[in-house]
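Notes to accompany the following structure.
The values are calculated or read from the model by the stated rules, or taken from the named source; none is laboratory data. Keep in mind the model is a prediction, meaning the values are calculated, not measured. Reconstructed Cβ throughout: ideal geometry from the backbone, glycine too, with neighbour counts over all protein chains shown. Note: areas computed on protein heavy atoms with side chains; ligands, DNA, RNA excluded. Shrake-Rupley method; radii C 1.70, N 1.55, O 1.52, S 1.80 Å.
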Amino acid sequence: MSLTVLVNAGPWLPVPPTGYGGIETVVATLVPELRRTGVRVVLATVGEPGVEAEAYVRPVSEPRFPLIAAPYNRTSGVAHAHMHGVVSWLRDHPEVDVVHDHLEVVGPAVLGAMGRDAPPTLQTLHWDLRKHADFYSSFDGGGRVAFAAVSQSQLDRAPDRLREHTIGVVPLAVPPPPDITVDKGDHALVLARITRDKGQDVAARACARAGVPLVLAGPVAGIDDPDELRRRLAESDPQLEQHADVRFFVDEVAPLLDGTQRRWIGGVSGRAKEELLQSARVLLAPNRWAEPGATGVVEALGRGVPVVATSLGVLPSLVRHGVTGYLVEDETALAEHLDLIDALDPAACRASTAEWTPAAMAQRYIDLYERMLEEART
């Protein structure tokens with residue numbers, strides 16, 4: 001079957017992202033694999049796309065990620081402006097067979113409101129579904145909008161109505177590591193945006209207790225450069241100072257850092273990110289939330305880097321305790337298990353990701369697209 005699929009990545013970050021951006025990384029992994037099978041892809045994104053597609057839709061001129069955690073009355077128009085452009089494009093291009101949406105809540109809400117004027121729509125659920133209980137517990141796709149979870153643990157926590165509209169579970173995949181040679185270091189790594197849910201403060205205390213160097217890599221409120229954050233805070237930017245992630249970093253993480261043994265290096269991308277990850281002794285995921293997908297964990301394991309993580313969300317299905325890492329319940333246990341990391345086999349870590357390939361992810365989505373088209377016809 002020849003398919004044309006509009007993949008909606010949203011207005012927050014380009015595809016692929018230059019640094020942080022789990023959803024956009026997944027889209028950048030998926031699109032080439034879809035096209036390799038013969039699927040025509042229209043990519044709805046922002047900024048300059050770094051992946052090839054048959055066409056692009058870019059209603060919003062610049063990435064809006066720095067605004068994503070701002071008050072609702074400052075950000076509510078961004079996703080809607082993007083979707084307005086997507087809908088206009090769809091009306092002019094009836095050759096689109098399926099929309100594969102990745103834009104939180106606004107995507108399915110707008111496309112669902114189009115009724116039969118919209119192609120069948122599949123949304124991948126990348127986020128914590130507790131955030132939008134009013135929406136997911138009442139939304140009815142009317143046979144035109146369905147959902148795919150990224151893990152069974154995510155789906156198990158979903159509202160009943162959402163589970164009724166979910167037609168599959170497709171684990172996230174990441175690109176294979178590039179063929180570069182990197183010397184192994186001694187640092188533990190947290191590779192995630194700085195936010196309370198990711199537990200960077202827990203990692204800092206645990207590493208201090210265990211005597212393990214720690215590198216924190218990821219943006220604070222969309223800011224990748226530590227010098228820029230310091231400058232803007234020194235200039236007393238009130239909106240930045242009130243940002244929840246900034247307050248968490250300034251009040252609870254920064255006092256635990258010493259600039260040498262425990263340091264924040266900002267956001268990383270490209271070769272710098274790859275070298276940092278491949279040289280890490282261990283990746284830490286001391287989450288306070290039930291993460292649904294955890295692409296960073298898959299990236300680390302695929303590079304032979306073991307993972308120590310809290311036993312929440314998808315993590316127990318990714319990390320084999322005592323084989324590819326350790327699952328812990330608290331900060332004390334995290335520190336204790338850092339002493340056991342060197343006993344784990346990097347080859348076992350790499351082998352554990354064999355079923356999470358980009359090709360397998362793409363084929364699973366194609367199967368869901370075809371199922372939706374068949375159901376729409378009948």
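Of the residues examined, R247 is one that is over 17 Å from the mean Cα position of the chain (by Cα), at pLDDT 95 or above and open to solvent by 70 Å² or more (accessible area, probe 1.4 Å). Residues in segment 54-85 that are more than 22 Å from the chain's Cα centre (by Cα) and either outside any loop (DSSP other than H, G, I, E, B) or farther than 18 Å from P16 by Cα (or both): A55, N73, R74, G77, A81, H84, G85.
Candidates A285, A294, A280: the one that is at pLDDT below 95 and open to solvent by less than 20 Å² (accessible area, probe 1.4 Å) is A294.
Please verify whether A158 is in contact with a helix residue (DSSP H, G or I) (Cβ under 7 Å, 6 or more places away or on another chain) and buried (at least 16 other Cβ atoms within 10 Å of the Cβ), treating the condition exactly as stated.
Values: in contact with a helix residue (DSSP H, G or I) (Cβ under 7 Å, 6 or more places away or on another chain): yes; buried (at least 16 other Cβ atoms within 10 Å of the Cβ): yes.
Answer is yes for this residue.
Might you let me know whether segment 355-362 holds any residue that is in a helix (DSSP H, G or I) and within 30 Å of R116 (Cα to Cα)? Let's see the steps before the verdict.
Initial filter on segment 355-362 (in a helix (DSSP H, G or I)): 358-362.
Still in the list and also within 30 Å of R116 (Cα to Cα): 361-362.
Yes: one or more hits.
When E104 is tested against (1) at pLDDT below 95; (2) open to solvent by less than 40 Å² (accessible area, probe 1.4 Å); (3) within 22 Å of R144 (Cα to Cα), exactly one condition is not met: (2).
Pick out the one residue from R371, R350 that is crowded, with 16+ Cβ neighbours inside 10 Å and either of a type in the set (D, E) or under 23 Å from P171 (Cβ atoms) (or both). Can you show your working first?
Values: R371 fails: crowded, with 16+ Cβ neighbours inside 10 Å.
Checking each option against the conditions leaves just R350.
The lone criterion from (1) over 25 Å from T378 (Cβ atoms); (2) among the small types (G, A, S); (3) open to solvent by 10 Å² or more (accessible area, probe 1.4 Å) left unmet by A113 is number (1). Restricting the search to helices (runs of 4 or more DSSP H) fully inside segment 206-273 and requiring at least 1 residues that are more than 28 Å from L334 (Cα to Cα) and among the small types (G, A, S) gives 226-234.
Of all residues in segment 17-34, those that are closer than 19 Å to G267 by Cα and polar (S, T, N, Q) have Cβ atoms under 9 Å from Cβ atoms of residues that are assigned to a helix (DSSP H, G or I) and modelled with pLDDT under 95, 6 or more apart or on another chain, in T18/G270; T25/T295; T25/E299. Considered as a group, the residues in segment 172-215 that are among the polar types (S, T, N, Q) and touching a residue at least 24 places away in the same chain (Cβ under 8 Å) include one that is most open to solvent (accessible area, probe 1.4 Å), and that residue is T195.
Do we find a residue being out of contact with any helix residue (DSSP H, G or I) (no Cβ under 7 Å at 6 or more places or on another chain), surrounded by fewer than 23 Cβ atoms within 10 Å (Cβ to Cβ), among the hydroxyl-bearing types (S, T, Y) and farther than 19 Å from H80 by Cβ anywhere in segment 28-41? The answer is no; no qualifying residue exists.
What strands (runs of 3 or more DSSP E) completely inside segment 120-196 contain at least 3 residues that are farther than 30 Å from A335 by Cβ? It comes to 121-125, 145-149, 166-169.
Please work out if L276 is in contact (Cβ under 8 Å) with a residue 60 or more places away in the chain and either in contact with a helix residue (DSSP H, G or I) (Cβ under 8 Å, 6 or more places away or on another chain) or in a loop (DSSP other than H, G, I, E, B) (or both). No; evaluated as a whole, the condition is false for this residue.
With the structure loaded, tell me whether H126 is open to solvent by 20 Å² or more (accessible area, probe 1.4 Å), at pLDDT 90 or above, touching a helix residue (DSSP H, G or I) at 6+ places or on another chain (Cβ under 7 Å) and of a type outside the set (A, V, I, L, M, F, W, C) or whether it fails that test.
yes
A count restricted to segment 135-152 and to residues that are under 25 Å from A294 (Cα atoms) and open to solvent by 30 Å² or more (accessible area, probe 1.4 Å) stands at 3.
One residue stands out in segment 1-26 among those that are of a type in the set (A, V, I, L, M) and at pLDDT 95 or above: the one that is surrounded by the fewest Cβ atoms within 10 Å (Cβ to Cβ), namely L3. Taken across segment 89-96, residues that are free of Cβ contacts under 8 Å to residues at least 40 places away in the same chain, in a helix (DSSP H, G or I) and surrounded by fewer than 23 Cβ atoms within 10 Å (Cβ to Cβ) do occur, with at least one present. Within segment 299-340, being of a type in the set (A, V, I, L, M), touching a residue at least 24 places away in the same chain (Cβ under 8 Å), open to solvent by less than 10 Å² (accessible area, probe 1.4 Å) and within 27 Å of V27 (Cβ to Cβ) holds for A300, L301, V305, V307, A309, V314, L315.
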